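K.L.:
What follows is a single structure, and I will ask about it in a moment.
The values are calculated or read from the model by the stated rules, or taken from the named source; none is laboratory data. Note that the structure is a prediction, hence the values are computed from the model and not measured. Backbone-built Cβ (ideal geometry, glycine too); neighbour counts: all protein chains shown. These area figures cover heavy atoms from the full protein model, side chains too; ligands, DNA and RNA do not enter into them. Shrake-Rupley method; radii C 1.70, N 1.55, O 1.52, S 1.80 Å.
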Amino acid sequence: MLGEVQEIMRVINERRDLIVGIGEVGLDYSVVRDRMLREISRHIFTKWVLLAKDLDLPLIIHSRDAENDVIKLLSKYGPVKCVMHAFNGSREQVMKLLELGCYFSIPPTITRSRQKRELAMMLPPLNRVLLESDTPELGPNPGEESRPVHVKVVLMELSRILNIDPVELGNITVENALSVFRLGRR
């Protein structure tokens, strides 16, 4: 496993001028329950954080039931620009990640997930909000696969929740994506 990670990192280093972000990487304790495997996962995640920092690329982070360890490792080895993908953590964790400079991407499940709606309302700095489809997972309806077109569903629901014009919110989130991934600015 570590050999595969090192090979992927080598390719990223070789092609760094073509890459706008690293991920999806992170920690998933809902799947990895063994203490030793979690330690290995933390070790590998730390390598990703350090690579992102070294290459000055944003890290797209998957965190499930491991938010405290993600925060601890980002605090210890950062700063690194990162995007919290489909984040499920608490208000306190959101605030800490905002302090660390993280962005948060909102998936189509915002249409049916109270937690995602609450997350959206915790992100008043709109300069840290992104939209995602997480294809094929996290569709807008139970059992429905997500597709890239569902980003519009996220935009409309998020604009409703935040009581902001969808065109204005769309412009903000596009600017955020351009900024975090430095698109058009290389």
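K.L.:
How far apart, in nanometres, would the label points at Glu175 and Val149 be if each is projected 7 angstrom from Cα along the Cα-to-Cβ direction?
P.N.:
Label-label distance for Glu175 and Val149, simple model: 3.0 nm.
K.L.:
What percent do you get for the relative contact order of region 12-143 when only Cα pairs under 8 Å and 6+ apart count?
P.N.:
19 percent
K.L.:
If one takes the longest principal axis of the Cα atoms in the chain, at what angle in degrees, from 0 to 90 and to the nearest 10, does the Cα axis of helix 35-55 lie?
P.N.:
Helix 35-55 sits at roughly 80 degrees to that axis.
K.L.:
Moving to a separate point now. What pairs from Lys81/Lys116; Lys72/Lys96; Lys76/Lys116; Lys53/Lys116 go past 18 Å between their alpha carbons?
P.N.:
With Cα atoms farther than 18 Å apart: Lys81/Lys116; Lys76/Lys116; Lys53/Lys116.
K.L.:
For Leu131, enumerate residues with amide H under 5 Å from its amide H, sequence gap 5+ or separate chain, H modeled in the peptide plane.
P.N.:
Residues meeting the amide H criterion: Ile106.
K.L.:
Which entry in [x] 23, 20, 18; [y] 40, 27, 11; [z] 27, 19, 16 is this structure's computed semi-axes √(5λ) of the Cα gyration tensor in Å?
P.N.:
Answer by label: [z].
K.L.:
Also: Viscosity 1.002 mPa s, temperature 20 °C: Stokes-Einstein D of region 17-98 from its Kirkwood Cα radius, in µm² per second?
P.N.:
168 µm²/s
K.L.:
So, one more: Working out 0.36 nm times the residue gap between Val167 and Arg33, then minus their Cα-Cα distance, what length gain in nm do you get to one decimal?
P.N.:
Contour length minus the Cα-Cα distance gives 43.9 nm.
K.L.:
Applying a 10 Å radius around every beta-carbon, put 160-173, 20-33 in order of their mean neighbour count, most first.
P.N.:
Going from most to least packed, we get 20-33, 160-173.
K.L.:
Quick one: accessible area per residue over the chain, 1.4 Å probe, rounded to a whole number of Å²?
P.N.:
Solvent-accessible surface per residue comes out at 54 Å².
K.L.:
I would also like to ask the following. Report, by chain and number, residues whose modeled amide H sits under 5 Å from the one on Gly26, excluding near sequence neighbours (fewer than 5 apart, same chain).
P.N.:
Here the answer is His62, since their amide H atoms fall under 5 Å of that of Gly26.
K.L.:
Now a separate question. Let me spell out the model: positive unit charges on the Cβ of Lys and Arg, negative unit charges on the Cβ of Asp and Glu, origin at the Cα centre of region 1-112. What dipole size does that give, in debye rounded to 20?
P.N.:
200 debye
K.L.:
Assuming 0.36 nm per residue, please report the length gained on full extension of the stretch Glu99 to Met121 beyond their Cα-Cα distance.
P.N.:
6.3 nm
K.L.:
Here is a follow-up. In whole Hz, what ³J(HN,Hα) sequence does region 161-176 give by Karplus (6.51, -1.76, 1.60; θ = phi - 60°), x for Gly and Pro?
P.N.:
Values per residue, Gly and Pro as x: 4, 8, 6, 10, 4, x, 5, 4, 5, x, 4, 5, 5, 5, 4, 4 Hz.
K.L.:
Find how much the distance from Arg182 to Lys72 grows on full extension, using 0.36 nm per residue of separation minus their present alpha carbon separation; answer in nm with one decimal.
P.N.:
37.0 nm
K.L.:
Ignoring ligands, DNA and RNA, what percent of the accessible area of region 1-135 is carbon or sulfur (1.4 Å)?
P.N.:
50 percent
K.L.:
Can I ask one more? How charged is the neighbourhood of Val151? Take every other residue with its Cβ under 12 Å from the Cβ of Val151, and add Lys/Arg as +1 and Asp/Glu as -1.
P.N.:
-1
K.L.:
Which value at 222 nm does the chain reach when only helices count, each DSSP H run of 4 or more adding -39,500 (n - 2.57), with the total divided by all residues and rounded to the nearest 500 deg cm²/dmol?
P.N.:
So the helix-based figure for the chain works out to -15000 deg cm²/dmol.
K.L.:
Any idea what angle helix 67-77 forms with the longest principal axis of the chain, computed on alpha-carbon atoms, 0 to 90 degrees, nearest 10?
P.N.:
Roughly 60 degrees, rounded to the nearest 10.
K.L.:
Could you work out how far apart the two model spin labels at Val5 and Ile40 are, taking each label as a point 7 Å from the Cα in the direction of the beta carbon, and quote it in nm?
P.N.:
1.0 nm
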